Amino acid sequence: MSDVNNHSETSAMPIMAHLIELRKRLTWSMFVFLICFILCYYFSKNIFAFLAAPLAQLPEGMAAKKMIYTDLTEAFFTNVRIAFWAGLCLASPFISMQIWYFVAPGLYKKEKNAFLPFLIATPVLFLLGASLLYFVIMPRAWEFFASFQTSFGQDAGVIKVVLEPKVDQYLTLVMHLIFAFGLGFELPVFLTLLARVGLIKSGSLIAKRKIAILGIFIFAAIVTPPDAFSQIALAVPMVGLYELSILSVKFMERRRPVYPDVSE
């Protein structure tokens, strides 16, 4: 009964009070992000060195131990982009908490208990995907790309094709891959939320397993470097996460009544 009363009081809150609360949460989020941005800009060179470590650790002679920039402002704006994304990642737990504090008063206690695990699982799974990329995929993918260095001609007429990455292009590639791998590992959260609102059921996930696995391998082929190891290294964990999603949806179906499956 108390949950219903609290929910009713929150629903009856004037729109101006909601806007004031929203402004408060946005102000705190922007302030914390700004602090994290400044901190990350100060350490932007260290962060870039961390991201470039898989390239620097290639076997001797496979790649030149340097990067270049061809635009006068390129290195500066690369550091700004590093600070922005790193600051956003650093501030994301606090921002997520502010979103939760804004939304939670309008939820019943059971709804809070249902959605809170998703808030915890989302950054954990994203971090697992990014870690797989950094420690497993990137060293082998960079070695694959560096293997295309070659030379033409003989003696004085030799033309060498060597790897000299640009700093902004390297950062763009790494950020793209981190986002792709992190997003791929959010599969259990995404499917369980769909089940939560009644869009899918465990039966449909099981029946469409073969199609889902095919889609996972296509997704892995698109977002990873064009070598079989990288594609398999992403696809196999995602298949395991798909199976985990089925178990998660089954568990949810046992805990509470589900809506009709509109996908069938």
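State the volume of the convex hull built on the alpha-carbon positions of the range 2-185, expressed per residue in Å³ and rounded to an integer.
Details: hull volume 25.3 nm³, N = 184.
Expressed per residue, the convex hull around the Cα atoms of the range 2-185 is 137 Å³.
Taking the simple approach of a point 7 Å from Cα along Cα-to-Cβ for both Leu128 and Phe94, what is their distance in nm?
About 2.8 nm separates the two model spin labels.
Using modelled amide H (1.01 Å from N, peptide plane; none on Pro or chain starts), what sits under 5 Å from the amide H of Lys166, excluding residues fewer than 5 places away?
Those lying under 5 Å, H to H, from Lys166 are Ile68.
Just list whichever of Lys24/Lys112; Lys110/Lys208; Lys45/Lys66; Lys65/Lys166 have alpha carbons separated by over 19 Å in the model shown.
Working: Lys24/Lys112 21 Å; Lys110/Lys208 30 Å; Lys45/Lys66 14 Å; Lys65/Lys166 12 Å.
Going by Cα-Cα distance, Lys24/Lys112; Lys110/Lys208 fall outside the 19 Å limit.
Return the inverse of the average 1/r over all pairs of distinct C-alpha atoms in the range 131-264, which is the Kirkwood hydrodynamic radius, in Å to one decimal. Don't skip to the end; give the middle numbers.
Details: mean 1/r = 0.0573 Å⁻¹.
Roughly 17.4 Å, rounded to one decimal.
No value in this document is a laboratory result; all are computed from the given coordinates. What you are looking at is a predicted structure, and each value in this text was computed from that prediction instead of being measured. Virtual Cβ from ideal backbone geometry, glycine too; neighbours counted across all protein chains shown.
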